[in-house]
There are 2 protein chains.
Amino acid sequence: MDDATLAARLHEALLTRRLTVASAESLTGGGLGALLSGTPGASETYVGGVISYATGVKQRVLGVRAETVAEDGVVSARCAEEMAAGARDLMRADVAVSTTGVAGPTEQEGKPVGTVFVGVAGPWGVSAHALHVDGDRATIRRSTCAEALSLVLFEVDAAH
Amino acid sequence: MDDATLAARLHEALLTRRLTVASAESLTGGGLGALLSGTPGASETYVGGVISYATGVKQRVLGVRAETVAEDGVVSARCAEEMAAGARDLMRADVAVSTTGVAGPTEQEGKPVGTVFVGVAGPWGVSAHALHVDGDRATIRRSTCAEALSLVLFEVDAAH
């Protein structure tokens with residue numbers, strides 16, 4: 001299933017359940033939002049998101065805690081969870097999905113290229129998923145978007 | 001020049017002048033952020049952005065005024081200017097660029113598909129540019145991203 005088809009399927013799943021979704025992106029930098037907003041009629045389910053590329057934006061806009069950044073780093077499960085929870089609150093969405101990780105070309109916080117965390121926040125709670133994604137910078141960003149859509153779809157299906 | 005090359009050129013222009021950039025997107029839904037963050041080393045110039053797909057997000061997060069929405073609509077020069085100015089403040093960036101318009105498939109606020117406004121905010125002030133973009137939904141979104149990058153590059157070059 002290609003990315004656009006996956007996004008359309010998520011849109012349908014959300015629409016059926018009358019749920020809205022928001023995004024909080026670091027390494028994908030807007031690519032996940034572009035997919036979520038790409039389906040015609042997307043405004044019925046996608047409310048928007050934050051691209052928190054800089055650490056300061058993660059903290060000030062999304063409410064990622066200073067302790068999280070200091071202790072676990074921004075490439076961490078805890079940061080992914082706080083980004084998703086923060087976006088859900090800020091955007092007043094039912095569900096939010098976040099991405100943080102190392103797209104390369106160089107490692108970050110001592111974590112190798114391809115280390116990725118996806119957070120999902122919903123009425124049922126918040127979770128984070130660790131991924132190891134292969135490929136160059138563009139491939140890692142694209143694969144992360146597809147994985148994030150799949151994870152939201154799975155959680156929405158499981159919860160309702 | 002393709003989109004990625006244009007984004008790389010803007011990154012270089014900003015880096016040379018020690019300027020940072022932020023984004024505020026409606027119809028492009030994250031595609032502009034994906035381009036701004038796509039260049040390796042992008043974190044040196046791109047701080048992040050807001051995808052304000054829903055009108056409420058434009059108002060609550062970016063500070064677009066209720067009068068603007070009521071009088072001019074969200075597909076307007078005034079809305080584009082307020083989105084750019086709001087993103088510049090929220091993201092604490094030197095420059096911000098915004099997109100709002102009608103990607104289709106149907107008209108919006110009585111404005112035809114392809115009506116687009118790009119806002120640019122910098123230390124030199126705020127401006128909006130009206131565009132009429134041809135094509136289907138995906139083409140309009142993609143062309144708007146390229147036009148937005150070109151407009152920021154032009155304004156950065158002109159100002160410094």
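Within the protein assembly as shown, antiparallel bridges make up roughly 65 percent of the DSSP beta bridges whose residues both belong there. Computed from the C-beta positions of A:T5 and B:T106, the FRET efficiency with R₀ = 22 Å rounds to 0.50.
Normalised by the number of residues in the stretch B:43-112, the average gap of Cα pairs under 8 Å and 6 or more apart makes the relative contact order 26 percent. Antiparallel as a % of all DSSP beta bridges within chain A, to the nearest 5? Given both bridge residues lie in chain A, the antiparallel proportion sits at roughly 60 percent.
For chain A, the longest stretch holding no GluC sites (Glu not before Pro) located in a DSSP loop with at most 15 other Cβ atoms within 10 Å is which? It works out to A:1-106.
Taking a ≥ b ≥ c as the square roots of the eigenvalues of the Cα gyration tensor of the stretch B:28-151, is the shape rounded (a/c under 1.5), prolate (a/b larger than b/c) or oblate? Oblate. Our summary gives the stretch B:16-160 a relative contact order of 24 percent, counting only alpha carbon pairs under 8 angstrom and 6 or more residues apart. Shape of the stretch B:58-104 from the C-alpha gyration tensor: oblate (a/c of 1.5 or more and a/b not above b/c, with a ≥ b ≥ c the square roots of its eigenvalues). Loop-located trypsin sites (Lys or Arg not before Pro) across the stretch A:93-146 with a Cβ neighbour count of 16 or fewer within 10 Å are lacking, with loop assigned by DSSP.
I'd like the orientation of helix A:137-159 relative to chain A: the angle between its Cα long axis and the longest Cα principal axis, in ° from 0 to 90, rounded to 10. Tilt relative to chain A: about 50 degrees. The Cα trace of the stretch A:96-160 gives Rg and Dmax of 12.6, 40 Å, the first to one decimal, the second as a whole number.
What the Cβ-Cβ distance of A:W124 and A:E12 gives, at R0 = 25 Å and to the nearest 0.05, is a FRET efficiency of 0.80.
Net charge in the neighbourhood of B:T16 (other residues with Cβ under 14 Å of its Cβ; Lys, Arg +1, Asp, Glu -1) is -1.
Rounded to the nearest Hz, the phi-derived 3J(HN,Hα) couplings of the stretch B:6-23 under the Karplus curve 6.51 cos²θ - 1.76 cosθ + 1.60 (θ = phi - 60°) are 4, 5, 5, 5, 5, 3, 5, 5, 5, 4, 4, 8, 6, 10, 10, 10, 10, 10, where x marks glycine and proline.
Determine ³J(HN,Hα), in whole Hz, for all residues of the stretch A:37-50 in sequence, where each value follows from phi through the Karplus function 6.51 cos²θ - 1.76 cosθ + 1.60 and θ = phi - 60°; x replaces Gly and Pro. Once rounded to whole Hz, the list reads 9, x, 6, x, x, 4, 5, 6, 10, 9, 9, x, x, 10.
With K and R counted +1 and D and E -1, the other residues having a Cβ less than 15 Å from that of A:G114 yield a net charge of -1.
Treating the angle as unsigned and between 0 and 90°, give the value, to the nearest 10°, between the Cα long axis of helix A:77-91 and the longest Cα principal axis of chain A. Once rounded, one gets 40 degrees.
By the helix-only formula, in which each DSSP H run with n ≥ 4 contributes -39500 (n - 2.57) and the sum is divided by residues, chain B has a 222 nm mean residue ellipticity of -13500 deg cm²/dmol. One residue of chain B places its C-beta nearer than any other to the axis carrying B onto A; that residue and its whole-Å distance are B:G30, 2.
Just the protein heavy atoms count here, and of the accessible area of the protein assembly as shown at 1.4 Å, carbon and sulfur take up 51 percent.
A simple count of charges around A:R78, restricted to other residues whose Cβ falls under 14 Å of its Cβ and scoring Lys, Arg +1 and Asp, Glu -1, yields -3.
With a Förster radius of 30 Å applied to the C-beta separation of B:H132 and A:S150, the computed FRET efficiency comes to 0.20. Once B binds A, the 1.4 Å probe can no longer reach about 2100 Å² of accessible area, counting both sides.
The values are calculated or read from the model by the stated rules, or taken from the named source; none is laboratory data. Everything quoted here is computed from the prediction, not taken from an experiment. When we count neighbours, we look across all protein chains shown, and the Cβ atoms used for this are built from the backbone with ideal geometry, even at glycine. For the accessible areas, the whole protein counts, side chains as well, though only heavy atoms, and no ligand, DNA or RNA atoms are used. Shrake-Rupley method; radii C 1.70, N 1.55, O 1.52, S 1.80 Å.
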